[in-house]
1. Roughly how big is the chain's charge dipole about its Cα centre, with Cβ charges of +1 (Lys, Arg) and -1 (Asp, Glu), in debye to the nearest 20?
2. The range 276-328: which trypsin sites (Lys or Arg not before Pro) are DSSP loop and have at most 15 other beta-carbon atoms within 10 angstrom?
3. Give the carbon-plus-sulfur fraction of the accessible surface of the range 25-157 in %, rounded to a whole number; probe 1.4 Å, heavy atoms of protein chains only.
4. In the neighborhood of Tyr106, defined by Cβ-to-Cβ distances under 11 Å, what is the net charge if each Lys or Arg adds +1 and each Asp or Glu adds -1?
5. Give the accessible area for Asp150 in Å² (nearest 10); use a 1.4 Å probe, count only protein heavy atoms, and leave out ligands, DNA and RNA.
6. Let me have the 222 nm mean residue ellipticity of the chain computed from DSSP H runs of 4+ only, each contributing -39500 (n - 2.57), with the sum over all residues rounded to the nearest 500.
7. Obtain the radius of gyration and the Kirkwood radius of the range 14-311 from its C-alpha atoms and give Rg over Rh.
8. Evaluate the distance, in nm, between pseudo-label points positioned 7 Å from the Cα of Glu341 and of Lys313 along their respective Cα→Cβ axes.
Amino acid sequence: MPNQTAQSITITRPDDFHLHVRDGDAMRSVLPLTARQFGRAIIMPNLPIPVTTVALATAYRERILAALPEAVQFEPLMTVYLTDHTSVDEVWKAAGSGYVHAMKLYPSGATTHSAAGVTDLKHCYKVLEAMQENGMPLSLHGEVTDPEVDIFDKEAVFIDRVLLPLRRDFPELRIVFEHLSTKVAVDYVNSADEFIAATITPQHLLFNRNAIFQGGIRPHYYCLPILKTEEDRQALVKAATSQNKRFFAGTDSAPHPKENKEQASGSGGCFTGLHAMELYTTVFEKENALDSLEAFTSFNGADFYKLPRNKTKVILKKEPWEIPATLPLGSSVVVPLAYKEKLDWKLV
Ligand code: DOR
Ligand code: ZN
């Protein structure tokens, strides 16, 4: 239980179970921000040259560790990007590595740098069998890529077309359904067994699809899966605050240079590396559920991934501040989610 007063909350140091930190100069800009908020993070492997092997994950991990500010304690939890050609051997190497914690499924074409992703899960059946056997979780981007399917239905259709057959064939495969965005998906996870859990982002808890169009098109509210209806948002808030152990924090913080989002074909992704914890706290406070915050941000994910819970604490204080309009991102800048809005909580 957090030590909770009106003015401050003390909770176990949280983890981010879905994070894009990119690479090179951009990584050096955003990594310290995440490391300030979180003790560990599941690092997404969708680099321009995707992290498709344990060897690439090892090298990426080294680059992340080297980019951390001195004396900062932060553990990158690595993932390997599944392709049609991933070998069974790679799954066993991943399981034996000690630092690869999931294999990531991007349906080919679903999102940023997903072209090398899986075209049909049938190509991965031997790999999935090995994962079911050695307990390696499958982290998945749950949207179909069929251009005939409406963008707002891609997650629901994924459940029918991909997830149900997958879980029928691999009932004990441990799955993390990433960045839930619909009531349908919440209901599905709620009704399913202990082999499936889900992450929820700050943006899907705070905003519905109107945010993308309020007063003109607002590219910094565009992410994938796209924000959905108010009914969906409310179902997500209910799930996050419900104390169901199979829902946990995964920010999907996905920095893109400002100019790559503000253009004719802008990239998907919301940046919350600066302030995800304050955003989550805002949602939980509004819902009168601050008592459930620690389980969602600091316990449930660690338990599902079979990691020890963090031992240190963080404090959130009632202290109003304004989210900046931009932050440095390599040689460019990134616009944080809810830029220029006020937050009542500050991580100290
Ligand atoms: O909005 C998103 N941005 N969704 C994803 O799935 C990928 C991410 C990115 O890497 O930019
Ligand atoms: Zn992501």
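1. Numbers: 36 positive and 42 negative charges, 171 e Å.
The calculation lands at about 820 debye.
2. Taking the range 276-328 and a limit of 15 other Cβ atoms within 10 Å, the loop trypsin sites (Lys or Arg not before Pro) found are Lys306, Arg309, Lys311.
3. The nonpolar share, carbon plus sulfur, comes to 53 percent.
4. Taking every Cβ under 11 Å from that of Tyr106, the sum is -1.
5. Counting only protein heavy atoms, the figure is 80 Å².
6. Only helices count here, giving -8500 deg cm²/dmol.
7. Rg/Rh: 0.93.
8. Those two pseudo-labels are separated by 2.9 nm.
The values are calculated or read from the model by the stated rules, or taken from the named source; none is laboratory data. Small disclaimer: the values here were computed from a predicted structure and weren't measured. Positions of Cβ are generated from backbone atoms using ideal geometry, with glycine treated the same way; all protein chains shown enter the neighbour counts. Heavy atoms of the whole protein, side chains included, go into the accessibility calculation; ligands, DNA and RNA do not. Shrake-Rupley method; radii C 1.70, N 1.55, O 1.52, S 1.80 Å.
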